[in-house]
Amino acid sequence: MINMAGKKTLILILTAAIVLMTTGLVAADANLPVQLYTQTNTNWANDKMGQTTYTLKQYGCLTTSLSMVFDCSFDITPKEMNKWLTNQKLYNKNAEITSVAKTANINPGKVKYIGRYTGADLKKINNELINGYPVIAKIKYGKGFHFFVITGYSGSTYYINDPLKNTPQVLNKRFGEPSKVIKEIIIFHGTPIGTQLPTIPTSLIQYKSDGVTGIALGGTTTENKVVMKGGVSDPSKNKVQLEVEVKPVGTDFTGTPSFSSSLVASGSKASVICSGLSNGKYHWQARVKNSKGVTGPWQSAGGNAENMPDFVVSATPVTLKVSPSSGKQGTTFTFRGDSYTKKGEIEFHVRKPDNTEYPVTTLTASSSGALSYKYKSTTSSMIGTYTIWAIDSATGRKSNEVKETITAAPVSIQYQAHFAYTGWMSNWVQDGDTAGTPSTSANQMEAIKIKTSNYDVTYCAHVAYDGWQSWVSDGAVAGTVGQGKSLQAIKIQLQNAPSNMHIKYRVYVNGAWKSWVSDGAIAGTVGQGLPVKAIQIKITT
């Protein structure tokens, strides 16, 4: 962390460091921010190379490596590189590039071919890297050869962008000792990386959340959102963005951006939205970053003393309450809050017990700035504690977080049976109680209806003379009524229930209770002509 006596000191230190870097007077190590492309990228992996049937995915390592090196000077992808090579007929029948030197003709004003050199000349490689030029290297690979881009080194360790890998690699670990595995290097000179950094941002101005109303130096805003704007440019004309670091006064800058704009054209203005700021005094700095990932020096805003604020946030906090704070599945929770922008948009955030978030719900504050929202949980709502907060979209003010706990709702199973001589039972029974009379009487069960309080239940009856019927659900009749056909077996299943929840049931047949079965298994008999006289059903967890 830098302990600064003033903002100008930091600028001078950074400027001096940049001069040392670009003149090669710092330590001999180098690490260049080269765009990583892979030959397996689906945007071009299956593109044919020249008039061959070979694709970039198969043999496109050199084409991809050329794209990475050239992209340091102008925007080009492997797809565009391959198309140009194909049009120029620079591929032979084996998809090999016939003249690497001619590839510089793709943009003569931007890149220049220097040469191909046999062997692993590490001194030459180091010198190129120090001066801002990545190097293409060739190694033996399997039965053939492979190309990649050397992007940096530290001591005897070399870093590469390998077209076969999605992340930067260490050459020593991936392929072995550089001095032994490198068979050839190819060098081009374009725009040296590091010698043309993005410029210092200009005309840094701070605004309220509308991006129009300025905040004077040391001024106060009543919102938790501030917009920073500044001019951004890059000598290489790459697209650029404005990066901003915002810190409370008394806290040193770390050089890590807090907020960033989108990429814009070089020479234009960029706008950064800084939201979620707590009440307090702030200072800020900004820098320009180009599309290649190269950053320019930080520029302090305001030019005032370091212990003086650039702006002050003094916002009336927005509030949020929930009632009740806990309830069983199916409970309705009511949320209320105050001090939001009148008739303004509110972002309502809910983090679930598994630490994932629901999509943001958009609410609208009342004409007095109040929040009022009701949410009815369901019988399938996740059990556990939820974290909820709201953000006033117009000002960026974030409410306090509230907790809501949902507990499991009791699950009840109800059933009602129809018998040969007594018809439908007068009342439903539930949760393991007996429907029917366990006896040897002729009052056989002929139909049944089943339902639950929380989940769907499906069931299927086996009936004398008819066999298995179709599945029915949630209180529908399974079996027959008025046909004198006994119900002889049944299968029952819960639907959309938690995995630890099971439905168990047993029937009384031929003078005895059968064993309990569960979750769709057959209770009763099939093909024996034995009617069911009674049934018990229950849900367990």
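The values are calculated or read from the model by the stated rules, or taken from the named source; none is laboratory data. The model shown is predicted, which means the values in this text are computed figures rather than measured ones. Counting neighbours? That spans all protein chains shown, and the Cβs are built from the backbone with ideal geometry, glycine included.
Please find, among Gly190, Gly144, Gly230, the residue that is closer than 28 Å to Gly60 by Cα, crowded, with 20+ Cβ neighbours inside 10 Å and among the small types (Gly, Ala, Ser).
The unique qualifying residue is Gly190.
When you look at Ala417, is it among the aliphatic types (A, V, I, L, M), in contact with a strand residue (DSSP E or B) (Cβ under 6 Å, 6 or more places away or on another chain), part of a loop (DSSP other than H, G, I, E, B) and surrounded by 18 or more Cβ atoms within 10 Å (Cβ to Cβ), yes or no?
no
I'd like the full set of residues that are modelled with pLDDT of 95 or more, surrounded by fewer than 18 Cβ atoms within 10 Å (Cβ to Cβ) and closer than 15 Å to Asn238 by Cα, limited to region 268-307.
Result: Ser268, Lys269.
Name the pairs: first residue in region 154-172 and closer than 20 Å to Asn41 by Cβ and in contact (Cβ under 8 Å) with a residue 40 or more places away in the chain, second residue buried (at least 22 other Cβ atoms within 10 Å of the Cβ) and aliphatic (A, V, I, L, M), Cβ to Cβ under 6 Å, at least 6 apart or on different chains?
Asn161/Val34; Asn161/Met68; Asn161/Val149
Run down Gln35, Gln58 and say which single residue is within 33 Å of the chain's Cα centre (by Cα) and either outside the structural domain of Lys140 (by TED's automatic domain parsing) or at pLDDT below 95 (or both).
The conditions single out Gln35.
Could you list, in sequence order, all residues of region 169-180 that are crowded, with 16+ Cβ neighbours inside 10 Å and either under 27 Å from the mean Cα position of the chain (by Cα) or of a type in the set (Ser, Thr, Tyr) (or both)?
Gln169 - this is the single residue of region 169-180 that is crowded, with 16+ Cβ neighbours inside 10 Å and either under 27 Å from the mean Cα position of the chain (by Cα) or of a type in the set (Ser, Thr, Tyr) (or both).
Residue-by-condition table, conditions (1) free of Cβ contacts under 8 Å to residues at least 12 places away in the same chain; (2) in contact with a Ser or Thr (Cβ under 8 Å, 6 or more places away or on another chain):
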| site | (1), (2) |
| --- | --- |
| Pro198 | no, yes |
| Pro201 | no, no |
| Leu204 | no, no |
| Ala216 | yes, no |
| Thr222 | no, yes |
| Val227 | no, yes |
| Asn238 | no, yes |
| Leu242 | no, yes |
| Thr251 | yes, no |
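With the checklist (1) under 23 Å from Leu197 (Cβ atoms); (2) not in a strand (DSSP E or B) in hand, flag the one item Lys89 doesn't pass.
(1)
Quick one: count up the residues across region 236-245 that are over 25 Å from the mean Cα position of the chain (by Cα) and surrounded by 18 or more Cβ atoms within 10 Å (Cβ to Cβ).
Residues meeting the conditions: 2.
Let me spell it out: the conditions are (1) surrounded by 15 or more Cβ atoms within 10 Å (Cβ to Cβ); (2) assigned to a loop (DSSP other than H, G, I, E, B); (3) among the hydroxyl-bearing types (Ser, Thr, Tyr), and Ser262 meets all of them except one. Which number is the exception?
(1)
Quick test of your reading of the structure: Val463 fulfils all but one of (1) touching a residue at least 40 places away in the same chain (Cβ under 8 Å); (2) surrounded by 13 or more Cβ atoms within 10 Å (Cβ to Cβ); (3) of a type outside the set (D, E, K, R). Name the failing condition by number.
Against the list (1) touching a residue at least 40 places away in the same chain (Cβ under 8 Å); (2) surrounded by 13 or more Cβ atoms within 10 Å (Cβ to Cβ); (3) of a type outside the set (D, E, K, R), Val463 comes up short only on (1).
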